[in-house]
Structure formats: structure tokens, C-alpha cells
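The block underneath contains the structure these notes are about, expressed in C-alpha cells.
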Amino acid sequence: MRKITASIFLMSMLIVAGSVVYNCSKVDDIVENISIPIPFSVPTTTDITVPLVIADTINEVTIPEIPLNINFDTDIKEEYPSLSINNLKSAKLSLLSIDYVSSEDSTALSVIKNAKILIKAPNLDEVVMAESTNNTNSSSISFTPVADLQLLNYFKTNQNSIILKVKGREEDVDDIMKLKINATFKLEVGL
């Protein structure tokens with residue numbers, strides 16, 4: 001009887017130990033995929049100086065590439081001191097606008113009818129991240145971000161840039177336009 005009781009006790013201990021090991025490995029898997037459930041917003045502002053040459057109102061004009069060099073590492077560390085850019089799980093654009101600052105020939109932004117902004121980073125394809133159509137505002141252009149566009153890989157490096165493509169409402173040339181790009185990104189980080 002003692003042997004049977006000892007055998008049952010030993011089998012019970014093995015089952016409990018196996019269950020603990022299995023559940024611990026599941027906990028490790030869960031911990032690896034923990035992300036902070038509430039994304040936080042990071043506003044950025046970039047001052048740029050670009051030439052604007054709209055030769056006709058039919059063709060799209062590409063403004064030379066504009067380096068952004070955005071690095072979210074500092075923003076992540078301010079929000080969550082124990083995390084860094086290596087913990088970035090998601091980056092999405094939520095707001096984007098371009099504001100007029102000044103221009104050499106007093107050209108206003110209303111000469112731009114349609115515009116799109118593409119993002120670029122080393123070893124990644126250029127992708128449209130926001131568009132504006134039928135702009136009539138002379139001091140600001142508001143863009144609509146491409147819905148659910150994941151920009152994570154574009155911000156794992158700080159060697160990122162944008163390309164602005166515009167279609168004119170009227171022909172115009174201004175060699176020096178000073179603009180301010182205002183963007184807000186939603187970031188999600190995790191372990």
C-alpha cells in the first residue's frame with residue numbers, strides 16, 4: 001500500500017512540475033510580446049527651405065528630397081525611461097500639415113492644388129504617407145495620412161527623409177520658400 005501511495009504521490013509531483021514548466025514557458029512567450037497598450041503621441045516640427053517651380057498645371061512636380069533625421073529614441077525614453085528605440089513596436093502618422101513661413105517672391109501655398117508626401121529610408125521603398133487634394137489655403141496645407149500605414153521600419157533609423165510632390169493650381173516659380181512641416185506620430189513600444 002505504501003508503494004502505491006508513494007507512486008501516486010510521485011506521479012502527482014511530476015504532473016505538477018510538468019505543468020509549472022509548461023506554464024512558465026507560456027509566460028515567457030507572453031512577456032516577450034508585451035506592448036504598452038496605449039500609443040503615445042509625438043509631435044515633430046521641421047523647418048525647410050525649398051524651391052518651388054510649377055511649370056504647368058497638368059504634371060506633378062517633385063521637390064528635392066528633404067532630410068528629416070527623426071529619431072524617436074529620446075521621445076520614447078522621456079515617456080518610458082527603461083525603453084528605447086529598440087522597443088518600438090509601431091509608428092503611424094496621425095496628423096500632418098505644412099505651414100507657410102516666407103518666400104522670396106511672396107508665393108503663397110494656394111498655388112499648390114494637390115500634394116503628397118512620401119517617406120524614404122535606406123533599403124526601404126518610398127511610400128506615400130499623406131495626401132492633400134483641392135488645397136485653396138494660402139498659409140497652410142492640411143494632409144490626410146494614409147490609413148493604418150505602418151512606418152515602424154522608417155523610424156528604426158534616423159536616416160529618414162521625405163519627398164514632396166505637388167500639382168499646381170497655377171504656374172509659379174519661387175526659388176526660396178520657407179515652410180514648416182508639422183507632424184504627429186502615434187508610437188507604441190513594448191518589451
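The values are calculated or read from the model by the stated rules, or taken from the named source; none is laboratory data. Nothing here was measured: the structure is a model prediction, and the numbers come from that model. In this analysis, Cβ positions are derived from the backbone assuming ideal geometry, glycine residues included, and neighbour counts consider all displayed protein chains. Heavy atoms of the whole protein, side chains included, go into the accessibility calculation; ligands, DNA and RNA do not. Shrake-Rupley method; radii C 1.70, N 1.55, O 1.52, S 1.80 Å.
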Residues within region 120-175 that are surrounded by fewer than 14 Cβ atoms within 10 Å (Cβ to Cβ), of a type in the set (A, V, I, L, M) and out of contact with any strand residue (DSSP E or B) (no Cβ under 6 Å at 6 or more places or on another chain), tallied: 1
Exactly one condition in (1) closer than 26 Å to Ala55 by Cβ; (2) more than 20 Å from the chain's Cα centre (by Cα) is false for Ser142; which is it? (2)
Kindly establish whether Thr49 is over 23 Å from Thr157 (Cβ atoms) and not in a strand (DSSP E or B). no
Looking at region 54-79 only, could you name the residues that are open to solvent by 70 Å² or more (accessible area, probe 1.4 Å) and assigned to a strand (DSSP E or B)? Glu60, Thr62, Pro64, Glu65, Pro67
Every residue from region 101-119 that is open to solvent by 60 Å² or more (accessible area, probe 1.4 Å) and in a loop (DSSP other than H, G, I, E, B): Glu104, Asp105, Ser106
Test Ala121 against the criterion of being farther than 30 Å from Leu191 by Cβ, touching a Phe, Trp or Tyr at 6+ places or on another chain (Cβ under 7 Å) and of a type in the set (A, V, I, L, M, F, W, C), and give yes or no. no
Flagged pairs (Cβ under 7 angstrom, 6 or more apart or on separate chains; first in region 129-151, within 15 Å of Ile181 (Cβ to Cβ) and of a type in the set (Phe, Trp, Tyr); second assigned to a strand (DSSP E or B) and open to solvent by 70 Å² or more (accessible area, probe 1.4 Å)) are Phe143/Glu131
